[in-house]
Each structure stands twice: as C-alpha cells, then as structure tokens.
Amino acid sequence: MKRWPWGAVLWPVLLILCLWPGILPALLRPLGLGELAPFDPPLWRLTLTHLGLVGLASLVVVGLGLPLAVAVTRPGWDAPRQLTETLLGLGQTVPTFAVLALAVPALGFGWAPTLLGLVLYGLVPVVSNAILGLQATERHILDAARGMGMSSAQRLWRVELPLARPIILAGLRTSTVYNVGTATVGAALGAGGLGEPIINGLSQQNTALVLTGALLSALLALTLDAWLALLGGRDRALG
C-alpha cells in the first residue's frame, strides 16, 4: 500500500501560514515571551534568503561531492578513498563557528564565508553516502554489465549511479537539513536569513524573536526533507 506523502504538503503549508503577516505574532503573544514588532526585512524575504543560501550550497556540494565519490571508488583508488573518508571524519569534528570565523579574514563578511562553511559541512554526508552506495553495487551485476559490452563509463551511468541513487539522496537529505540549521549562524556574519531573528532575540533577550527564527528554520528543514524524500520515493517507483 502506497503511503501518502503528507509531510510534503503539511510542512510547507505550516511554513506559509507562519510567514503570513500577523499569524506568528498572534500565535506567540499568549505565551508572553516578548513583543514581535514588524520585521524589516519581512520574514518571507529572510526565508527566501535562507533558502537561497542552502540551495546554492547544496548545488555546490553535489557538484563537488559526487565526482569526488565516483573518483575514489574506481578500481585501484583504495588509498585515496581511505584518505577521503578520514578527512571527512575529521571535518565533522571542527565546530561550525570556528570554520566561519577562520573564513572571515580571507573572504570578508556576507554570503562567501557562510557558503564555504555550508559546503564543507554539507560534503560529509553526501560524499560518505555516495561512496557507500557506489561500493554497494554487487559484483555480479557489474560483471553482467561488462559481459553485455558496456564500457566503464556506461556501467557508471547506467548501472552504478541508478542503483546508488537512494543512498545518495539520503545523504543529500541529511546535508540539506543540517545546513538549514548551520545557515542560521551565517546571520552573525551578515549573510542574512532566518538567523537574524535568533541573533536579535538573543541580544535583546527576547525569546519570541528566538522562537520565531527557530520555528521557521525547523519548518523549512522539514519541508526540504519531505520534498527530497518524495523525490527518492518517485525514483524507487520508477525503478
């Protein structure tokens, strides 16, 4: 029985409702967490800025990570693959804010250091899952493809990548959701986005502002995750 992808509809609807002028202040006012003055820029623009940061970072991550995973999973590339996996593991141990702070002297404030941080952290799950998925292709399938006269490039595009697609998409989902949260830190560097209400709320000791940014970030992350899961489900159905 096919499950209805309710999350792909529910989360974006809730996100749009919270972005509608007056809705979120009316919901938070009874909690007595602080006043919510009109936002400048408005919340919908902050959300689009946040989405732009995450979307651009995801495109760069896929453009860099997938070719890297393909390269290190070719026969005879065991040492580079092990080195790549080690570097990826070490990359997860470096605090996000440290990477962003180190990037500021070289790249200045704004989108550039934020994108660098998002790309570096987003590469980890994408490359790791792509390596895992490509290595999971059973040997007899590759032997059958080779016996049919397929070249190495044809085996990659017509056999390995299609079979690895669900695992690669799972890595992309993890990367995207993680970067929605990481991008909030970029507001401290002038990148804008949904981190602005959080930072302003912390500086003003206004919990309502902090909750606004956190709630919208969570709904955006759930929306993107549900849409990517829907894409993965469609791929399995087509397969």
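The values are calculated or read from the model by the stated rules, or taken from the named source; none is laboratory data. Note that this is a predicted model, so its numbers are computed, not measured. Because the Cβ atoms are built from the backbone with ideal geometry, glycine has one as well, and the counts that use them run over all protein chains shown.
Here are some notes:
- When each of GLY186, GLY193, GLY201 is tested for being closer than 30 Å to LEU107 by Cβ, touching a residue at least 60 places away in the same chain (Cβ under 8 Å) and over 24 Å from the mean Cα position of the chain (by Cα), the lone residue that passes is GLY201.
- Scan region 26-45 for residues that are under 16 Å from PRO197 (Cα atoms), surrounded by fewer than 16 Cβ atoms within 10 Å (Cβ to Cβ) and aliphatic (A, V, I, L, M) and the total you get is 1.
- Region 62-96, subset within 17 Å of the chain's Cα centre (by Cα) and in a helix (DSSP H, G or I), residue farthest from LEU142 (Cα to Cα): THR96
- Criterion (in contact with a helix residue (DSSP H, G or I) (Cβ under 6 Å, 6 or more places away or on another chain) and touching a residue at least 60 places away in the same chain (Cβ under 8 Å)) met by exactly one of VAL177, VAL159, VAL124, VAL119: VAL119
- PRO113 farther than 22 Å from VAL72 by Cα and either at pLDDT below 80 or out of contact with any Lys or Arg (no Cβ under 8 Å at 6 or more places or on another chain) (or both): yes
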